[in-house]
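To start, the structure under review is shown below, and the notes come after it.
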Amino acid sequence: MINYIRKTDEKQRWLFFSTLLNAVLAASKLAWGWMMGSTLVVADGIHSISDVFGALLIFLALFFAAHKSKRFPYGLHKLEDMAAVVGGLGILYAGYEIIHSVFFETGMKTPDDIWSTIGFIFAIVLIQYIFYFYELRASKRLKSPGVQADAINWLGDIGAGMIVIIGLIAHHYKVPYAQEVSVIIIVAMILKGAFDVLKEGTLSLLDAADIEMNDAIEKIVMSEPDITDIKRLNVRKSGSVYFADIELRVAELNAVKAHKSIDKVVDKLHKNIDAIEAVTIHYEPEHPAYETVVRLLQEDKQTLSQNFGRSVWLEVTHFTQDKEQISQEYIKNPALEAEHGKAFRLVAFLLSLHTDKVILGSVDMDENIVTLFDALSIEIIHQNKEKQ
């Protein structure tokens, strides 16, 4: 089993500065609205305060996401998904607020000095858009639904600011339906962003499979020559990170070499897919789709050998699952000429043949050999009969 853990705090920094900036801008709008007597600007400031709480919620979730303990060994990354869902719902509510304020509320007052208010709101909108642009780009790079939710949430503030500007200008020039058209466009953007955030957060909470990520991991794993098959591939998304649990078949029988092949797979995965937080790999030697039975024979190729290590011939027969013979061949015992360790050398050769059963005469075998066969799940059958 091989594990790899990676840490990062860039997401927390983005959320912290987002919350701080939002709070400063909200206070500025409230102060300006009260000073200028603009109901629209005050309402926009109150709307921004609600966003501050939403951003703070997501920030706290990301702050605790990397916390690991005995009870939560993988951290609390799901908090990021929960915060993303709550943030997405908050975005929907912000869209509703904008629609309700424009189409259902009346009696909003405009300031006496319209153009200075327009300039003030425009400067705030420009600051918001610049931060939104860079935060959204960072969320895509970090693959963080929490940061993405916060970035898209800025659209609500930007939309509200544009409504204030367009409303004031429309009021000044008496342009019909200018506010309504702008509201529809901005709300459509907000609803699209909310849908994306809610979709990603909900699917992650439900542990839905990420087909694209599965395909990417499978392609990287199978690019390693010694990997012959993927028996199981489970990829779990938690917040902005992925946890991969993989079960493989490896062609290499040598444990050290097989482990090196697995190390290469893990390194490739982390090098090519930055979002992978941890990889757990279980592997086993590749086994053919047929049963291999080896009879140990004497020189005449008929009589079963009475000495394991000194067997002269190996009759190797392959059978299907229905016990139908596929092939049969005789192989000279490659360990026969060795001066020492004939038995263990023969075991190694039988292992390379993917042997399932070994048949030989009634002979007391070395307990170490018997134990080794048992550990390798190779069945030993003793017979007193010659080859039929």
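Bear in mind that the values in this text are calculations on the coordinates, not laboratory data. Bear in mind the structure is a predicted one, so any value in this text is a computation, not a measurement. With ideal geometry, Cβ positions are generated from the backbone for all residues, glycine too; neighbour counts draw on all protein chains shown.
Label positions at residue 177 and residue 122, each projected 7 Å from the Cα along the C-beta direction, are separated by 2.6 nm. Ordered by the number of other Cβ atoms lying within 10 Å of each residue's own Cβ, fewest first, 18, 352, 139 fall into the sequence 352, 139, 18.
Each residue of region 119-127 was assigned a 3J(HN,Hα) from its phi angle through the Karplus curve 6.51 cos²θ - 1.76 cosθ + 1.60 (θ = phi - 60°); the sequence is x, 5, 5, 4, 5, 5, 4, 5, 4 Hz, with glycine and proline shown as x. Pairs from the list 219/257; 70/219; 143/231; 70/264; 11/219; 70/260 with a Cα-Cα gap above 26 Å: 70/219; 143/231; 70/264; 11/219; 70/260. Per-residue Cβ neighbour counts within 10 Å put 323, 357 in the sequence 323, 357, beginning with the fewest. Between residue 283 and 248, the built amide H atoms are under 5 Å apart, and every one of these is 5 or more places off in sequence or on another chain. A simple rule links phi to the HN-Hα coupling: the Karplus curve 6.51 cos²θ - 1.76 cosθ + 1.60 with θ = phi - 60°, which for region 232-244 gives 8, 9, 10, 10, 10, 8, 9, x, 9, 10, 10, 10, 10 Hz, with x for Gly and Pro. Each peptide in 358-365, 162-169 was scored by the mean count of other Cβ atoms within 10 Å over its residues; highest first, the order is 162-169, 358-365. The calculated FRET efficiency for residue 219 paired with residue 169, based on their beta-carbon distance and R0 = 56 Å, is about 0.55. Fewest-first ordering of 134, 177, 290, 283 by other beta carbons within 10 Å of each residue's beta carbon gives 177, 134, 290, 283.
The 3J(HN,Hα) values that the Karplus relation (6.51, -1.76, 1.60; θ = phi - 60°) gives for region 291-305 are, in residue order, 8, 10, 10, 10, 9, 8, 10, 7, 4, 7, 6, 10, 7, 5, 5 Hz. Gly and Pro appear as x. Approximating the spin labels as points 7 Å out from Cα along Cα→Cβ, the residue 188-to-residue 367 distance works out to 8.3 nm.
Each residue, residue 374 and residue 206, gets one label point 7 Å from its Cα in the Cβ direction; the gap between the two is 5.0 nm. A Förster radius of 56 Å combined with the Cβ-Cβ distance from residue 270 to residue 115 puts the calculated FRET efficiency at roughly 0.50.
Residues whose amide H falls under 5 Å from that of residue 228, counting only those 5 or more places apart or on a different chain, are 249, 250, 251, with hydrogens built in the peptide plane.
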